[in-house]
1. If you take the residues in segment 400-425 that are in contact with a Lys or Arg (Cβ under 7 Å, 6 or more places away or on another chain) and among the polar types (S, T, N, Q), which one is surrounded by the most Cβ atoms within 10 Å (Cβ to Cβ)?
2. Can you pull out the residues in segment 231-280 that are assigned to a helix (DSSP H, G or I) and of a type in the set (Lys, Arg)?
3. I'm trying to understand the selection: among the residues of segment 250-307, which are hydroxyl-bearing (Ser, Thr, Tyr) and more than 30 Å from residue 151 (Cα to Cα)?
4. When the residues of segment 405-425 are narrowed to those that are modelled with pLDDT of 75 or more and among the small types (Gly, Ala, Ser), which ends up nearest to the chain's Cα centre (by Cα)?
5. Please go through segment 165-187 and pick out each residue that is touching a strand residue (DSSP E or B) at 6+ places or on another chain (Cβ under 7 Å) and either among the hydroxyl-bearing types (Ser, Thr, Tyr) or open to solvent by 30 Å² or more (accessible area, probe 1.4 Å) (or both).
6. Which ones in segment 256-293 are open to solvent by 60 Å² or more (accessible area, probe 1.4 Å), over 30 Å from residue 430 (Cα atoms) and without any contact (Cβ under 8 Å) to a residue 40 or more places away in the chain?
7. Among (1) charged (D, E, K, R); (2) modelled with pLDDT of 90 or more; (3) within 12 Å of the chain's Cα centre (by Cα), which single condition is residue 162 missing?
8. For segment 21-57, give me each residue that is over 19 Å from residue 82 (Cα atoms) and buried (at least 18 other Cβ atoms within 10 Å of the Cβ).
Amino acid sequence: MAKQGTLLVVDDNRNILTTVSILLEDTFQTVITISNPNLIPAKLREEKPDVVLLDMNFSTGINNGNEGLYWLREIKRMNTQTQVVLFTAYADIQLAVKGIKEGAADFIVKPFDNEKMLKTLREARSRNHRKTSELKSGGMFWGHSNPMQELRLMVEKVAPTDANILITGENGTGKEVLANEIHHWSNRSKAKMLPIDMGAITETLFESELFGYVKGAFTDAKADRAGKFELAEGGTLFLDEIGNLSYALQAKLLTALQRRSVVRVGGSTRIPIDVRLICATNKNLKEMVQTGEFREDLLYRINTIHLHLPPLRQRREDIVPLACLFLKKYGGIYGKENLSLDPDAERRLKEMPWYGNIRELEHAVEKAVILSDGPQIHGEDIEGSDIHSNEPLETAQTLDEMEQQLIRKTIQECEGNLSVVASRLGISRQTLYNKIKRYGL
């Protein structure tokens, strides 16, 4: 069998480190040994091991195994995919069983049998590779930036649960893609995930779309029809742009969630619902609660777990890899395979603000592919959107600074008429007043 993967061995006995390293050098591509467990976090970040073979005791005179359990928890906290195999003495088998309950893949008893050790570590490596393959299959591009890796760890923890999740992030950051990833990893993945754009549903159609209707409920109701809650039974309901829902409709949604049942329009029978709810918005719902635009009780109901997708400008190391994926995608669509980015194009990609985030980046790459004449995309071929080209926004360093400068600029353009300012910004006067007070404008 070909050598694959990376193994990290942690044991304070240097003779064991040497023996294990020699024994496994033909099984793993890389074998790293350390005697000090305090180096584990650095090695996890630098080497990204598939498997960690972890001793249970390190301090002289202490044999209760608590050190091993502590480091097991730390490893799983930093990366739940990393498989941990415990290294323990025969007398501590009960301790090893406790470790397995806390996330270890298996244990190896000292003195160890060579063949059994090889078999155990190979199985742990295979388990890691299966998990990695499954994670990739959901369609989410995680990249290598710290914010996205932290988000990935959180998703791995919460996806298998039924907890309601609120995803926040700017337009174009991929909130629906993340929702699909969560559903893919959930225990409901064999059922449907139904997406609904809450901003596109009118007040008159809200109940019939979400709760369904019975025959004769209104003029065009010629037959009974199930709503989205029923259609998503056993699966996931994704409510996009939840912040656009009117206050009155928020109450109706909250009632359905609290009662875990719906009543079709024109009907009287309560229909139980079993769905996992994922909501998304680009708005600040806590601020909307303060201004009376969003129900606080509904926010608590949908916000068991909060996941935030960072804007692209806060994960710049992921921009070029993302652009290369889009380059391959559109190169295939437009019959221009094998296109590549020259250094100037990569530099420009990293420097641009990408206020439209991944969606804007994808459009820019598609346009560059369409207009390309040679085998490479050059810097001048990369064009971003001009929607955010005003100077104040380009010089802002944070979202708060961008918002502050946009409000100040709009107040100047509207000559202080706050009603016009609020209308142009698409917010209520009360929200505008709160922001003016917040930013000292």
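The values are calculated or read from the model by the stated rules, or taken from the named source; none is laboratory data. Note that the coordinates shown come from a computational prediction; the quantities given were computed from them, not determined experimentally. Because the Cβ atoms are built from the backbone with ideal geometry, glycine has one as well, and the counts that use them run over all protein chains shown. To get the accessible areas, we keep the full protein, side chains included, count just its heavy atoms, and leave off ligands, DNA and RNA. Shrake-Rupley method; radii C 1.70, N 1.55, O 1.52, S 1.80 Å.
1. Among those residues, the one meeting the criterion is 410.
2. Answer for segment 231-280, where residues must be assigned to a helix (DSSP H, G or I) and of a type in the set (Lys, Arg): 252, 259.
3. Once the filter is applied, which keeps residues that are hydroxyl-bearing (Ser, Thr, Tyr) and more than 30 Å from residue 151 (Cα to Cα), segment 250-307 yields 255, 261, 268, 269.
4. Result: 422.
5. Once the filter is applied, which keeps residues that are touching a strand residue (DSSP E or B) at 6+ places or on another chain (Cβ under 7 Å) and either among the hydroxyl-bearing types (Ser, Thr, Tyr) or open to solvent by 30 Å² or more (accessible area, probe 1.4 Å) (or both), segment 165-187 yields 168, 176, 180, 186.
6. Scanning segment 256-293 gives 259, 260, 268, 269, 270, 272.
7. (3)
8. Result: 57, single match.
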